[in-house]
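Below you'll find the structure, written out as structure tokens, and then a few comments.
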Amino acid sequence: MTGKKEKWLKDGHEADANLNNRRLVAGKRKFDTIAVHGIYNMEEALKQNNASLMEPVYMSPAQTFTDSDEKELSLAYEIPGWIYSRFGNPSVYYLEETIALLEGYQAGCETSSLVTGSGMSAIFMAVEPLLIKDKSFPYPNIVAQAKIYGGTFHLFSERLMQDRGIEVRWIKDAMDISEWESKIDDKTRFLYGEFPSNPAVQIFDISEIADLAHKHGIPLLVDATCASPAITRPIQHGADIVIQSVSKVMSSSGTTIIGSLTSRKDIPSRVGEDEMKSDFAKYVQHITYRDFGPAIHPLGAIMTLNDLRSLRGRISQMSDSAMKIACFLNDNDKVEKVYYPGLIEYIHYETALKYMRLVDSDEPAFGYMLAFDIVEKNRGESINTRKFYDSLNLVWRTADLGRVKTIATLPAISTHQQQGEEARDMADILPSCVRLSAGLEHPDDIIEDLEQALKKI
């Protein structure tokens, strides 16, 4: 080894040690402080970023190198370097480090994150390495909650099951641990759930399902988009990999689309290299991510980081509004049923209390999303539902959620249209179902709009 290489390796190891120390220091702070500062500090600002108060936007797609030795070691991942924006980018790195600390907050373990071009690409990046061909193991199956986002259902049922022959074993009642247990065998690669699910607002006992997964030597993957780390951090309760559609409440201004994958260190898995199990998110970034290329734009990373700084306050206000809206709908005779974890009538209210609390407080917080069924003359109809929906004035009619503006959608004809009637029946998604995402408006104004639309029925 040349003297130059030895120097680059020495400098690289020092940079890694410095980064780990900054993570340790930042990780001891409160949630809001982490969200505001991440790991960016004055030392880095003064040394590398022209003393910039805020994290800068690195618009360049590529890094230049001092010499061939630095380039060789960087591309071999032997020393830190962002190399090319398909592998990484300094602006993106600031966002990833902040999300890793927020998802791992109070979990008592190390976490790492990567961000992707969308929530769906984050899901794909999370499951793909766990579905590799391995002659030592039978052809895989996965066990997944049936009441999940329509895009995820379609990814699993069409792209995995139909295209690749990977069996998906659906869980109807996610609270029934015996149902999960009955679906696991020696071919199962992972368990997958949403907390809470979109749009059925179904939850499950994270710790219980994580223990079950670990008993069988497999990881638990959780999509926590409809909670966010400001309410529920699945890794704290035993989950191994957490997925977020960051472009929802974590970045609620609606300026970009981004997903994230966060993993604890040393996840269980029946397949894969030790390197993958040791640091799943970084392994995915170095291998799977590199090859599939779901990179995000650096400007999107910084815009998202700026939104993320106020996450706790926003989710608190949105949860309060969602609770008031749910109570109003629950008392309206034109609404058949309301699905919201904060209602005492909610079937698993006690479990919701266990897992859904505003971070750094004892206050319950049940999230910004709820669903409700409009009263119809006959089951399976949507006459009244569509009339109500088309009469909304302040509430936006779109297929989005987690925004600063309150949004309503009809899942049967939007987010879950492509999965078909049979699959919608399995997930209990009726044509009369309305999903509502509470924003930051005053809840009285939203309730007034809902009330006038209900009167049109």
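Conditions tested, residue by residue: (1) on the phi < 0 side of the Ramachandran plot; (2) among the hydroxyl-bearing types (Ser, Thr, Tyr); (3) touching a helix residue (DSSP H, G or I) at 6+ places or on another chain (Cβ under 7 Å).
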position: PRO80; (1), (2), (3): yes, no, yes
position: LEU95; (1), (2), (3): yes, no, yes
position: ALA100; (1), (2), (3): yes, no, no
position: ALA107; (1), (2), (3): yes, no, yes
position: THR111; (1), (2), (3): yes, yes, yes
position: VAL127; (1), (2), (3): yes, no, no
Exercise for review: Quick one: TYR283 ticks every box in (1) modelled with pLDDT under 95; (2) in a helix (DSSP H, G or I) except a single one, so which number is it?
Suggested key: (1)
**Study point:** Verdict on ARG312 being assigned to a strand (DSSP E or B), closer than 16 Å to ILE99 by Cβ and within 21 Å of the chain's Cα centre (by Cα)
**Key:** no
Exercise for review: Considering every residue within region 221-232, establish whether at least one is closer than 15 Å to LEU114 by Cβ and modelled with pLDDT of 95 or more.
Suggested key: yes
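Have a look at SER74, SER85, SER91, SER60 and point out the one that is surrounded by fewer than 15 Cβ atoms within 10 Å (Cβ to Cβ), more than 18 Å from SER228 (Cβ to Cβ) and of a type in the set (Gly, Ala, Ser). Talk me through it step by step, then tell me what you get.
On the way: SER74 fails: surrounded by fewer than 15 Cβ atoms within 10 Å (Cβ to Cβ); SER85 fails: surrounded by fewer than 15 Cβ atoms within 10 Å (Cβ to Cβ); SER91 fails: surrounded by fewer than 15 Cβ atoms within 10 Å (Cβ to Cβ).
Of SER74, SER85, SER91, SER60, the one residue that is surrounded by fewer than 15 Cβ atoms within 10 Å (Cβ to Cβ), more than 18 Å from SER228 (Cβ to Cβ) and of a type in the set (Gly, Ala, Ser) is SER60.
Having 3 or more residues that are within 22 Å of LYS248 (Cβ to Cβ) is the bar; report the helices (runs of 4 or more DSSP H) wholly within region 61-138 that clear it. Talk me through it step by step, then tell me what you get.
Details: elements: 68-75, 90-103, 119-127.
By residue number, 90-103, 119-127.
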Point to revise | Every residue from region 1-51 that is of a type in the set (A, V, I, L, M, F, W, C), outside any helix (DSSP H, G or I) and surrounded by 14 or more Cβ atoms within 10 Å (Cβ to Cβ) | key: ILE39
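Determine, yes or no, whether LEU305 is within 18 Å of the chain's Cα centre (by Cα), farther than 21 Å from GLN202 by Cβ, part of a helix (DSSP H, G or I) and of a type in the set (A, V, I, L, M). Walk me through how you get there before you give the answer.
On the way: within 18 Å of the chain's Cα centre (by Cα): yes; farther than 21 Å from GLN202 by Cβ: yes; part of a helix (DSSP H, G or I): yes; of a type in the set (A, V, I, L, M): yes.
Considered against the rule, which asks whether it is within 18 Å of the chain's Cα centre (by Cα), farther than 21 Å from GLN202 by Cβ, part of a helix (DSSP H, G or I) and of a type in the set (A, V, I, L, M), LEU305 comes out as yes.
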Revision key, fill the gap. Pairing a residue in region 23-34 that is at pLDDT 95 or above with any residue that is part of a helix (DSSP H, G or I) and of a type in the set (S, T, N, Q), where Cβ atoms lie under 7 Å and the two sit 6 or more apart in sequence or on different chains, gives ILE34/THR98
Exercise for review: Would you mind stating whether VAL168 is within 18 Å of SER269 (Cα to Cα), surrounded by 24 or more Cβ atoms within 10 Å (Cβ to Cβ) and not aromatic (Phe, Trp, Tyr)?
Suggested key: no
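The values are calculated or read from the model by the stated rules, or taken from the named source; none is laboratory data. Because the structure is a prediction, the values reported are computed rather than measured. In this analysis, Cβ positions are derived from the backbone assuming ideal geometry, glycine residues included, and neighbour counts consider all displayed protein chains.
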